[in-house]
Amino acid sequence: MAEARAGGCCPPMDLFRSEAMQLVQLIIPIESAHHTVSYLGDLGLLQFKDLNADKSPFQRTYAAQIKKFGEMARKLRFFKEQMVKAGITPLTKPGAQNEIDVDDLEVKLGELEAELVEMNANNDKLQRSYNELVEYKLVLNKAGEFFSSALRNATALQKELESQQTGEESLDAPLLQDKEILNESSKQVKLGFITGLVPKEKSMPFERIIFRATRGNVYIRQAAVEEPVVDPVSGEKVEKNVYVVFYSGEKAKTKILKICEAFGANRYPFTEDFGKQIQMISEVSGRISEMKAAIDAGLFHRSHLLQTIGDQFVQWNTLVRKEKSIYHTLNMLSLDVTKKCLVAEGWSPVFGTKQIQDALQRAAFDSNSQVGTIFQVLHTTELPPTYFRTNKFTSAFQDIVDAYGVAKYQEANPGVYTIVTFPFLFAVMFGDWGHGICMLLATLVFIIREKKLSGQKLGDITEMTFGGRYVILMMALFSIYTGLIYNEFFSVPFELFAPSAYACRDLSCRDATTDGLIKVRPTYPFGVDPVWHGSRSELPFLNSLKMKMSILLGVAQMNLGIILSYFNATYFKNSLNIWFQFIPQMIFLNSLFGYLSLLIIVKWSTGSQADLYHVMIYMFLSPTDELGENELFPRQKTVQLVLLLLALVSVPWMLLPKPFLLKKQHEARHQGESYTPLQSTEESLQLETNHDSHGHEEFEFSEVFVHQMIHTIEFVLGAVSNTASYLRLWALSLAHSELSSVFYEKVLLLAWGYHNIFILVIGAIVFIFATVGVLLVMETLSAFLHALRLHWVEFQNKFYEGDGYKFYPFSFALVNDEDE
């Protein structure tokens, strides 16, 4: 978005300070208002102010239009949901795009919605009928098996009884017995039955409830359906059982029907006549075939309609969103007294004045307006928004700064230095050129495919990684650089630039410390000599190197922060901050920690064995004592006394003068305003508005003094704690190196020592996963967060207020990106 606005017609980007902004007023004729706002939305260089903030959305001029386009947007969302369900993807780049009339589109969307709703309703009815017929067929088959099985059993039982009775008959049997049997058969009760399907998970409770409700005067049979069936009511696939409930009496029937409704057990009619059962199965099968054909035809027609909508969906959606945003912006404009013009106010960058005026002229011409839009710049004391023009490379670094706080208008921007310092401090903690190459290869995948990936919807983590691809690129390059300095490739040193400068005197010093080494060649030309890795005094040398380097980098970055506070004070013409903030802060910091950095450099340069801890501690405890063997240069004690005195003086210098001078300035300003010339009504109103929160404030000296005291204490204590905080560079670098060494020695080399191909493969796999998971993911995240903290706290708190607000212009590019 930002780089799209920063086209070739714009002046070169200046990231150090935000773009010069101006408050402009537009007086727009009613007939050209729509075209004007539309062209300004295409341009994306004007942030409108809401001049109707006291009105509710329903009281504004274009509330009806907003409602209309909101309804059109709802219909388009409905179409999108239907396309997603049907598996249809809208064309992102439709072919020929014709001009669309908004009113015609509204009518068309209404017709399409009505047609699609009717199709959905018909399809739902057909689908429900189809599912009911499928269930009915299952009931006919399963219940038919119940009755045929029962009939076979009854017939066999009757034949058995008849055969027994025939064998037992004799001439002495009484004739009355035959009459009793006939009378009993005539008194038999005819049972009723209910058939249907019940969800399998509810089948057992269903059976128990019926049994209890009828006090056991029922007979229930169930059979499981082999495959899940689509429930006609819910439309979801459910495992079901076919049931048949035999009962006696209308009361039992009423209870059973209520229980069926409560359990969602669908009921279907059934007959005992086997001939009718066969006929019903045939009829149901025929109706299922017909229903399936009708459903397929309806789905085909619906799919064709959705495909037609999908071909134009992007164009329609873009138009509706644009129109809705145009009228939303028009609602922010105030209507003048004559109701013939709209008055707009907003912020724009100064460099965009010519482009805005050209857009206003084109809008007046295209709308056939006889009067053009009046463009004028307003003078105001209101703080303008902050606008940095960025591109795809610098935007991610600027986002890192903005996450802490948006720069105040024209405040020095840390983003310029973050481009270099952030990846460099990360690399100090992550330095390994093998790991750096892995990061570089992963980042190049995103960069090479950025055109393809930028148009796709990625996951949250992938999208975040893709957005910061150039940050990761710089981190990888700096990691390779610092890895070469540390001479570490997956923790293994290499003689890349020359052989080691040291060698053993004899074989007896092979496993000894540096005492057995002698210098036999010139100094290793770049980075750490490979002999210093491994068992040869790695802790004394590399730890000392990284620890002292962390202090040097920290003091240098904190000095940069204080220098930037000077640039801010100079730009805003705040001489008090220069004399009573910048100068004493520089003196205090460099009298102590700048001096420590100087001692480190001198010790490195001279090869001295002085104890810097002793020097710094006794600089405070016993400043007049002789340094003895810890003296690094002549008259060091005198220099230390002067620096200590300057550090002590700088504290009251920061604390005391500024509050008294501010009080004096306040009294002089109010004394000078006692007599002022008369002003016009408009000017006096503007002056009153602008000075409501400034000119008539009472000066509370105690509050100012306490505020200054807090700042002084914060800086003095922060100078110590921030310097110590930079030691995290040393700590994380050591942790990364040691973890890498552990994985290499205890996994890869250990597996290699078994001389077994299977163990070697397993060891290599474990090494790869440990390297990627721990060193390339977790350690990367850890170093990233620590570098982030060093920039936000230790660096930016020296000069950066970050209490501004971003420039959000009215732009169709932003409207098309955001979700409804």
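For the stretch 542-562 and the stretch 427-476, what is the separation of their Cα centres, given in Å? The distance from the Cα centre of the stretch 542-562 to that of the stretch 427-476 comes to 28 Å.
Based on a Kirkwood Rh over C-alpha pairs, give the Stokes-Einstein translational diffusion coefficient of the chain at 25 °C and viscosity 0.890 mPa s in µm²/s. Write out the running numbers ahead of the final one.
Values: Rh = 36.7 Å.
It diffuses with D of about 67 µm²/s by this estimate.
Between Lys806 and Arg152, the contour length at 0.36 nm per residue exceeds the alpha carbon distance by 226.8 nm. Among the listed pairs Lys451/Lys798; Lys137/Lys253; Lys49/Lys339, give every one whose C-alpha distance is greater than 29 Å. Flagged as over cut-off: Lys451/Lys798.
Pick out, in residue order, every one of the GluC sites (Glu not before Pro) in the stretch 53-158 that is DSSP loop and has at most 14 other C-beta atoms within 10 Å; say none if there are none.
On the way: sites: Glu71, Glu81, Glu99, Glu106, Glu111, Glu113, Glu115, Glu118, Glu132, Glu135, Glu145; in loops: Glu99.
Sites meeting the loop and neighbour criteria: Glu99.
Taking label points 7 Å from Cα along the Cα-to-Cβ direction, Arg521 and Thr570 give a separation of 4.8 nm.
Solvent exposure of the chain amounts to 57 Å² per residue of accessible area, where only protein heavy atoms count and the probe is 1.4 Å. When nucleic acids and ligands are ignored and a 1.4 Å probe is applied, Lys452 ends up with an accessible area of around 120 Å². Charge tally for Thr254 (other residues, Cβ to Cβ under 14 Å; Lys, Arg +1; Asp, Glu -1): +3. A probe of 1.4 angstrom, applied to the heavy atoms of all protein chains, finds His301 with accessible area near 90 square angstrom. Placing +1 on the Cβ of every Lys and Arg and -1 on the Cβ of every Asp and Glu, with nothing else charged, gives the chain a dipole about its Cα centre of roughly 620 debye.
Ignoring any ligand, DNA or RNA, what whole percent of the accessible area of the chain comes from carbon and sulfur when the probe is 1.4 angstrom? Using a 1.4 Å probe with all protein chains present, the chain comes out at 59 percent carbon and sulfur.
At R0 = 56 Å, how high is the FRET efficiency between Ala724 and Gln22 if r is their beta carbon distance? Nearest 0.05 is fine.
Values: r = 46 Å, r/R0 = 0.81.
My answer for the efficiency is 0.80.
Mind jotting down a quarter of the surface of the convex hull over the alpha carbons of the stretch 196-339, in square nanometres, one decimal? All intermediate terms of the calculation are to be shown ahead of the outcome.
On the way: hull surface 71.5 nm².
That works out to 17.9 nm², a quarter of the Cα hull's surface.
When only Cα pairs below 8 angstrom with a gap of at least 6 residues are kept, the chain shows a relative contact order of 21 percent.
Give me the extension gain from Met709 to Phe497: residue separation times 0.36 nm, minus the current Cα-Cα distance, reported in nm with one decimal. Mind showing how you got there, number by number?
Numbers: separation 212, 0.36 × 212 = 76.32 nm, distance 5.40 nm.
In short, 70.9 nm is gained.
Once R0 is set to 45 Å, what does the formula 1/(1 + (r/R0)^6) return for the Cβ-Cβ distance between Ala813 and Phe300, expressed as a FRET efficiency to the nearest 0.05? Efficiency computed from Cβ-Cβ geometry: 0.70.
Name the trypsin sites (Lys or Arg not before Pro) in the stretch 536-619 that are in a loop by DSSP and that have at most 11 other C-beta atoms within 10 Å, would you? If you can, show how the numbers build up before the last one.
Numbers: sites: Arg536, Lys546, Lys548, Lys573, Lys603; in loops: Arg536, Lys573.
Those satisfying the criteria are Lys573.
If the limit is 24 Å between Cα atoms, which of Lys85/Lys237; Lys408/Lys548; Lys519/Lys746; Lys354/Lys806 go over it? Too far apart for the 24 Å limit: Lys408/Lys548; Lys519/Lys746. Between Asp101 and Glu71, the FRET efficiency estimated from the beta carbon spacing at R0 = 22 angstrom works out to 0.85. Report summary: the helix-based calculation at 222 nm, which adds -39500 (n - 2.57) for every DSSP H run with n ≥ 4 and divides by the residues of the chain, gives -19000 deg cm²/dmol. Note on Val343 and Glu290: the extension gain reaches 12.5 nm, defined as 0.36 nm multiplied by sequence separation minus the Cα-Cα distance.
Enclosing the Cα atoms of the stretch 338-400 in their convex hull gives a volume equal to 149 cubic angstrom per residue.
Judged by the mean number of other Cβ atoms found within 10 Å, the most tightly packed of the peptides 461-468, 343-350, 423-430, 774-781 leads the ranking 423-430, 343-350, 774-781, 461-468.
For the stretch 571-682, a simple Cβ point-charge model (Lys and Arg +1, Asp and Glu -1, everything else neutral) yields a dipole of about 320 debye relative to the Cα centre.
In whole Å, what is the distance between the alpha-carbon centres of the stretch 344-360 and the stretch 271-296? After rounding, the separation between the Cα centres reads 74 Å. Packing-based ranking of 498-504, 596-602, 723-729 yields 723-729, 596-602, 498-504, ordered from highest to lowest mean Cβ neighbour count within 10 Å.
The values are calculated or read from the model by the stated rules, or taken from the named source; none is laboratory data. Fair warning: this is a prediction, and the values are worked out from it, not measured in the lab. Heads up, the Cβs are rebuilt from the backbone with ideal geometry, glycines too, and the neighbour counts pull from every protein chain shown. Areas reflect the complete protein model, heavy atoms only, side chains present, ligands, DNA and RNA absent. Shrake-Rupley method; radii C 1.70, N 1.55, O 1.52, S 1.80 Å.
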